[in-house]
Amino acid sequence: MAKLDENKVSSDSKELLADVIAQEKKKKAEGSDDKKKKDDKPKMPKGESGTVKKFKHGAMATTLTIVFFVFLVLVNVVATKLFERYPITIDLTKEKIYSISEDSEEYIKSIDMDVMITVCADEKAFTSLSTYTQQANEVMKTYSKYNDKIKYQYMDINSNPDFYKDYTDEVAQYDIIVETNPTGDDGKKIKRTRVIGLIDLVQFNDELTQMFSQYGVSVEEYAKQVGNDLTFISYYGNYIESSSAEQAFTSAIMAVTDPSPVTVTFLEGRSELSEFSYLRTLLTANGYTVKSINITTDDIPDDSNVLVIGAPKVDYLPEELDKVDKFLLNDGNLGRQLIYVGDYGQADTPNIDEFLKEYGLEVGKGVVCETYQSNYYQKNYYTIASEISDDFRQDMTNSSPQLLVLSSRPVNPLYEEDGMIKTFKYVSSTKDAYTMDTQTQETLTKGQQNYIVLASKVSFGVDNDDTYYCNVLAIGGASIISDQVLAYDQYQNREYILSVINGLTGKTKGITITPKVISGNIFDINEGQKSKLKWTFIVIIPVIVLITGLVIWIRRKNK
């Protein structure tokens, strides 16, 4: 490289260059001092900074875990208390077999009297009998949750003989006792008890009930003959079609807490055309006590409030009708009711006809037919009645009810009023109806006909201003209250007949409970529900947990 000629560089430039070099040297010197100072600072032992960082995060995680755990415990305690006070359940069964109807719930919540339900067995033994007893157990517990005045207990009958010494003639293993001790008008405690048997918890199909009716016995009567309910069910369990647990418990509670209990007695022994099993079930489910006697041999029980004569094919004898007449008159106090059911399948019954005539009633010949198809179902004598009196419709939810009437005889009021007796047309046909002889197809009468007519007899107190009534309700056809027709939901026969009986007896609004069909599986869920549950527990929940874990791990790693 050529040597630099200093003489060719101006003095000013030389000075400037010297200043730049001096400044650069100064910066280097200051940088060296700063590094030295930094190196002179006391150094933290290796790894100590990571440990502190980890300790801080670990303490925070532990604190959060404890707080979360405490929160879960508090939520669990609060939820338990709330669920005990306000039951919340999820019923996955197809027929909602572990749920109760809104009517039952409303009624149970209104009970203001202490009720004790005692199951005569160990809980495990009782619930292991069948799905039906499992359901009964759940219904019972649900009732006690809705009202703390209703309590239950399991008391094995063999292990607690002292407890059952007052019930030995009434109860058996696996029976359920519902009882209370209301205070009577005289201030004394009155113990009321109703026993629910295993066969009361289930509904048998028509095939079985018809088979026993051919032999003149009911399911309940035959169960007693074979020994007990459990033995009967072991033989005929395959005939069970639905559960009656809800109606059994509700009706039992209604019966023992009702301040004015009503007993309905069915009169038998004259080849009645039907047992009216559904009607008996309906009445029992609504708190009535239902009995039956043989009118040819038995006296009418003193506690009876209503008698039912159900389409006898054989005429009553005068002495049998005398029992009925004395029952209605009640030593001049009246206050009792008779439901007489006629039917086209009856033979001539002149004695019964004469008795009804004393109350201004006549069950006529032939069957009622309608002229126009809009007023009948399939056949002109399968009629649809919509002309219904407003009397005793207080418990009906349908403002325009229709009743299905299959082959009914006409019921004729002989007068509107005669002395102390008045008649009222309750259910009638259209004005285009007529009656027809079932054998000859001949038209007998034309014009509006009646299916149900009430005759009311009145008397007045001698020493007071009280008024007393007894009533005879005449129904022209057994079909109106038959098992098949009462089970229909599209017609209001069930609701109407219950409302009328409630009105005549002065009972409060009834509860109509539809029997629930139970399959063999405890969790009876469909394929759609199964698929949802499978995806929820096998895929969705694990994925949510995995993603949450990854997010937490990544956030902690980057801190």
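The values are calculated or read from the model by the stated rules, or taken from the named source; none is laboratory data. Note that this is a predicted model, so its numbers are computed, not measured. Neighbour counts run over all protein chains shown; Cβ positions are idealised from the backbone, glycine included.
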Confirm whether ASP391 is on the phi > 0 side of the Ramachandran plot, out of contact with any His (no Cβ under 9 Å at 6 or more places or on another chain) and modelled with pLDDT under 95. no
Pick from the stretch 132-166 the residues that are of a type in the set (A, V, I, L, M) and either farther than 15 Å from ILE177 by Cβ or outside any helix (DSSP H, G or I) (or both): which of them is modelled with the lowest pLDDT? ILE157
Quick check on my filter: what residues within the stretch 408-443 are within 25 Å of GLN484 (Cβ to Cβ), among the polar types (S, T, N, Q) and buried (at least 20 other Cβ atoms within 10 Å of the Cβ)? SER408, SER428, SER429, THR435
Taking GLY227 and the conditions (1) assigned by TED's automatic domain parsing to the domain that holds ILE111; (2) part of a loop (DSSP other than H, G, I, E, B); (3) surrounded by 20 or more Cβ atoms within 10 Å (Cβ to Cβ), which numbered condition does it fall short on, given that it satisfies the others? (3)
Suppose the filter is out of contact with any Pro (no Cβ under 7 Å at 6 or more places or on another chain) and in a loop (DSSP other than H, G, I, E, B); does ASP395 pass it? yes
Give the residues of the stretch 439-496 that are free of Cβ contacts under 8 Å to residues at least 60 places away in the same chain and of a type in the set (A, V, I, L, M, F, W, C), sorted by residue number. ILE452, PHE460, VAL462
Flag if LYS326 is assigned to a strand (DSSP E or B), out of contact with any Asp or Glu (no Cβ under 8 Å at 6 or more places or on another chain) and either surrounded by fewer than 17 Cβ atoms within 10 Å (Cβ to Cβ) or modelled with pLDDT under 95 (or both): no
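Please state which one of TYR152, TYR107, TYR132 is in contact (Cβ under 8 Å) with a residue 24 or more places away in the chain and more than 15 Å from the chain's Cα centre (by Cα).
Checking each option against the conditions leaves just TYR152.
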Which count do you get for residues in the stretch 363-387 that are in a strand (DSSP E or B) and surrounded by 16 or more Cβ atoms within 10 Å (Cβ to Cβ)? 12
I'd like to know if the stretch 408-426 contains one or more residues that are of a type in the set (Val, Ile, Thr) and farther than 26 Å from LYS326 by Cα. no
Residues in the stretch 231-255 that are closer than 30 Å to LYS109 by Cα and crowded, with 21+ Cβ neighbours inside 10 Å total 13
So ASP390 clears everything in (1) part of a strand (DSSP E or B); (2) closer than 28 Å to ASN502 by Cβ; (3) free of Cβ contacts under 8 Å to residues at least 60 places away in the same chain except one condition, right? Which one? (1)
Just to be sure before I move on: is THR180 buried (at least 20 other Cβ atoms within 10 Å of the Cβ), among the polar types (S, T, N, Q) and modelled with pLDDT of 90 or more in the structure I sent? yes
Of the residues ASP258, ASP229, which is touching a strand residue (DSSP E or B) at 6+ places or on another chain (Cβ under 9 Å) and charged (D, E, K, R)? ASP258
Strands (runs of 3 or more DSSP E) contained in the stretch 410-478 and holding at least 3 residues modelled with pLDDT of 95 or more and closer than 27 Å to VAL306 by Cβ: 411-413, 421-428, 450-460, 467-475
Conditions (1) farther than 25 Å from PHE266 by Cα; (2) of a type in the set (A, V, I, L, M); (3) in contact with a Lys or Arg (Cβ under 8 Å, 6 or more places away or on another chain): number failed by ALA385: (3)
